[in-house]
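Below is one structure; the comments refer to it alone.
Values in this text are rule-based calculations from the coordinates and carry no lab data. The model shown is predicted, which means the values in this text are computed figures rather than measured ones. We place every Cβ from the backbone using ideal geometry, glycine too, and count neighbours over all the protein chains shown.
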Amino acid sequence: MMQRLISRRLISRVGLSAGMLFASATLTFLAVRMMPGDPATIILGGAMANPTPGAVEAITKEYGLDRPLVVQYGFYIWRLLHGDLGVSFSQHLRVAEVLRQQMLPTLALATISLLFAWVIALTSVFFTARRGRILSSVGASFDISAAALPPFWLGIVLLWILAFRLHLLPPAGSSSLSSLIMPALSLAIPLGGFLAQVTRESLEIAFDQPFILSARMRGLSMGQVLRRHALRHALLPGIALSAWALGALLGETAVVEAIFSRKGLGRTLVYAVSAQDMPLTTGIVLFVTVAYIFASLIIEIIHEMVDPRLATFRVRSASL
């Protein structure tokens with residue numbers, strides 16, 4: 001019986017993931033096709049290249065742009081189902097090769113940013129929550145202020161202070177770990193403030209629970225109660241939001257990669273959209289969707305490791 005419920009849950013997750021991929025591919029196709037401009041002209045270098053009518057007509061037929069939109073969409077989905085992402089119009093490389101070149105810097109930036117964000121959030125909450133009115137107010141004010149900072153503004157400030165004034169870190173590039181610190185902090189500080197707010201609120205709720213009062217009656221100090229009992233329960237909402245946070249980070253990398261002249265999918269996506277490069281735009285969007293799906297799965301596993309009761313609850317829910 002238990003195996004059947006787990007299998008049903010697995011099938012449900014696979015179906016949901018396939019639906020998300022299909023929706024992402026469809027919306028991307030429609031969004032790019034609705035943009036102004038002639039894709040054939042853009043493939044030939046744009047209006048500034050002054051392509052001949054014969055060249056435009058040849059490219060239009062070669063890429064099937066003269067067919068009805070429904071037919072183009074059908075061929076597009078058929079190629080995707082066979083794992084063919086096509087060739088980039090703007091870079092004249094296979095989309096899979098462009099993804100291979102650009103994905104690692106972006107994934108590294110998003111992952112390190114998420115880790116930094118959790119370090120910031122836990123440090124703020126652990127050293128200020130329930131530590132007296134003044135410290136709690138300072139911590140809450142820091143959380144709100146950090147969450148309100150725009151990543152692009154923060155990136156410029158960090159660039160000016162740490163690179164140009166103090167000469168501690170390289171101002172640009174993506175070839176070393178030191179070049180990753182400022183971009184990661186630009187993304188991590190606002191996210192860390194948001195995660196700290198969520199964790200702090202959950203911690204306040206946890207401190208009012210009976211098991212916390214019981215622990216205090218057994219003689220445990222506030223710090224011991226925080227580490228052993230309250231913090232684990234307070235982390236659950238933040239952990240659940242981490243998959244969304246990683247997806248948001250992948251979306252925000254474009255601006256940060258531009259500021260720090262880094263390679264990555266974010267900046268490549270901006271160029272692909274501006275060039276109406278359908279295959280490359282679709283490839284990047286689908287890759288980000290797959291990354292979000294895997295991140296959600298990993299976060300769910302971590303969630304259940306922190307609180308094993310959730311796994312039992314989800315399996316029982318699947319049987320209803």
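Summary table below
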quantity: Derived scalar couplings ³J(HN,Hα) [the range 110-118; Karplus, 6.51 cos²θ - 1.76 cosθ + 1.60; whole Hz; x for Gly, Pro]; calculated: 5, 5, 5, 4, 5, 5, 4, 4, 5
quantity: Cα centroid separation - the range 75-125 against the range 224-301, whole Å; calculated: 9
quantity: Ascending count of other beta-carbon atoms within 10 Å, so fewest first, for M35, M278; calculated: M35, M278
quantity: 5 angstrom amide H check on R94, placed H, neighbours 5+ away; calculated: S88
quantity: Environment charge at S174 (Cβ cut-off 10 Å; Lys +1, Arg +1, Asp -1, Glu -1); calculated: +1
quantity: Cα-based shape type of the range 110-202, given that a ≥ b ≥ c are square roots of the gyration tensor eigenvalues and the cut on a/c is 1.5; calculated: prolate
